[in-house]
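Heads up: the structure comes next, in C-alpha cells.
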Amino acid sequence: MKFIASLFLAVWMTLPTGAAAQSGGPATDLVVVELFTSQGCSSCPPADALLRQLTARPDVLPLALHVDYWDYIGWKDQFADPAHTRRQKGYAHVGGRQMVYTPQMIVNGQDDVVGANAMKLSETIAAHQARPTPVAITIDGTQSGTGGIAVQLRRADAAPLLSGPISIQLVRYAPLKTVDISRGELAGRRLDYANVVEQIDRVADWDGQGTLELTVALTDTRPAALLVQQAPYGAILAAATLN
C-alpha cells in the first residue's frame, strides 16, 4: 500500500498541465493550496515535503503559512506570523469548523485537507480544476515606467454574477528555506520549507462589477502572486503569479 501511494504521488505531482501562461510568462488559473504548518509540530514534516513537491506543478500555487501557536513548547518558528494564525482561524470560522490544527491544507480558500493526505489533496485539486474560474486575470508581465505590473480583472465569460466585497491580495514568498531546529518536538532535524509566505498585503478591493485595473509594484525579486478572494476568508476566485 505504501508503494502504491508513493507511486501515485510521484505521478500526479508531475502531470503536465496548461496552467502556465504562454512564453513562460506569469501563470494564471491556479489552484491555491495553503499549508498551515509549524517548525514546532512533529507531524508537519510530511506535509511540508508534500507542499515542496507541489511546487513542480505549474497549475498549483502552494503556499506555506507558518503559525505561532506552537511556539510555546520551546522552539519559536522563525517564519511564524500571527497574521497566518488569524487567517487559519478565519477559514475555520467561515467553514464552520470548531478548531484549527497543523498540518492543515486549505484548497482555494474552501476545502480542508488533513496534512500529508496526498490522495485526498489530489482529488480536491482536481475537483477545483474541473470548475470554471469565476474571474479572468490579464497581466502585463513587465513592470511599466510607473514601476508596476499592470493587472486587469473581470468576470470570466459565462461565469455567474459576482458580488463583493472581493479582496485583491499580493503574496510575497521565499522559494526555499532550510532550518536547523535545536529545540522542541523536532529538535536535531534539518528541514527544508518551500514557498514560505513572508508577506500578504491587500492591494485593492473590488465589488465584482465591470473591470478592475490596477498596478502592482514589486519592490524586490522575491516571487509574487496575486489572490482574488471573496472577503474576508471566502473562496479564492482566481490566482496568478506575477514573476
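The values are calculated or read from the model by the stated rules, or taken from the named source; none is laboratory data. On a predicted model such as this, the values are computed, not experimentally measured, just so you know. Heads up, the Cβs are rebuilt from the backbone with ideal geometry, glycines too, and the neighbour counts pull from every protein chain shown. Side chains included, ligands, DNA and RNA excluded: accessible areas come from the protein's heavy atoms. Shrake-Rupley method; radii C 1.70, N 1.55, O 1.52, S 1.80 Å.
Going through R172, R97, R87 one at a time, which residue ends up being at pLDDT below 95 and of a type in the set (K, R)?
Working: R172 fails: at pLDDT below 95; R87 fails: at pLDDT below 95.
When all the criteria are applied, what remains is R97.
Within the stretch 216-241, can you find the residues that are farther than 18 Å from I166 by Cβ and modelled with pLDDT of 95 or more? Write out each step before concluding.
Going residue by residue through the stretch 216-241, those that are farther than 18 Å from I166 by Cβ are 217-224, 241.
Scanning the stretch 216-241 gives R222, P223, A224, T241.
Just to verify a result, which residue in the stretch 175-213, among those that are among the polar types (S, T, N, Q) and more than 17 Å from the chain's Cα centre (by Cα), is most open to solvent (accessible area, probe 1.4 Å)? Spell out how you get there, then give the answer.
Here is the first cut: in the stretch 175-213, the ones among the polar types (S, T, N, Q) are 178, 182, 195, 199, 209, 211.
Add one more test, that the residue is more than 17 Å from the chain's Cα centre (by Cα), and what stays is 178, 182, 209, 211.
Values: T178: 79, S182: 76, Q209: 101, T211: 80 Å².
It comes out as Q209.
Pull up the stretch 214-243, narrow it to residues that are within 13 Å of I149 (Cα to Cα), in a strand (DSSP E or B) and not aliphatic (A, V, I, L, M), then point me to the one that is most open to solvent (accessible area, probe 1.4 Å).
Ranking the qualifying residues of the stretch 214-243, first place goes to T215.
Looking at the stretch 161-174, which of the residues that are in a loop (DSSP other than H, G, I, E, B) and among the aliphatic types (A, V, I, L, M) is most open to solvent (accessible area, probe 1.4 Å)?
Within the stretch 161-174, the subset in a loop (DSSP other than H, G, I, E, B) is 161-165.
Now restrict to residues that are among the aliphatic types (A, V, I, L, M): 161-162.
On the way: L161: 145, L162: 20 Å².
Step by step, filter the stretch 161-174, then rank; the result is L161.
Write out, first by first residue and then by second, each pair whose Cβ atoms fall under 6 Å of each other, whose residues are 6+ apart or on separate chains, and whose first residue, in the stretch 115-134, is farther than 28 Å from P160 by Cα while the second is surrounded by 19 or more Cβ atoms within 10 Å (Cβ to Cβ) and basic (K, R).
Partner pairs satisfying both residue conditions: none exist.
May I ask you to verify whether R131 is surrounded by fewer than 14 Cβ atoms within 10 Å (Cβ to Cβ) and in a loop (DSSP other than H, G, I, E, B)? Before the answer, list the steps.
Numbers: surrounded by fewer than 14 Cβ atoms within 10 Å (Cβ to Cβ): yes; in a loop (DSSP other than H, G, I, E, B): yes.
Answer is yes for this residue.
Within the stretch 48-87, track down each residue that is part of a helix (DSSP H, G or I), small (G, A, S) and either within 21 Å of Q169 (Cβ to Cβ) or touching a strand residue (DSSP E or B) at 6+ places or on another chain (Cβ under 6 Å) (or both). It would help to see each step written out before you state the result.
At the first step, the residues of the stretch 48-87 found to be part of a helix (DSSP H, G or I) are 48-54, 71-73, 82-87.
Now narrow it down to the ones that are small (G, A, S): 49, 83.
Passing the criteria: only A83.
Taking the stretch 131-149 as the search range and keeping residues that are at pLDDT 95 or above and among the aliphatic types (A, V, I, L, M), which one is nearest to Q230 (Cα to Cα)?
Out of the qualifying residues, it is V135.
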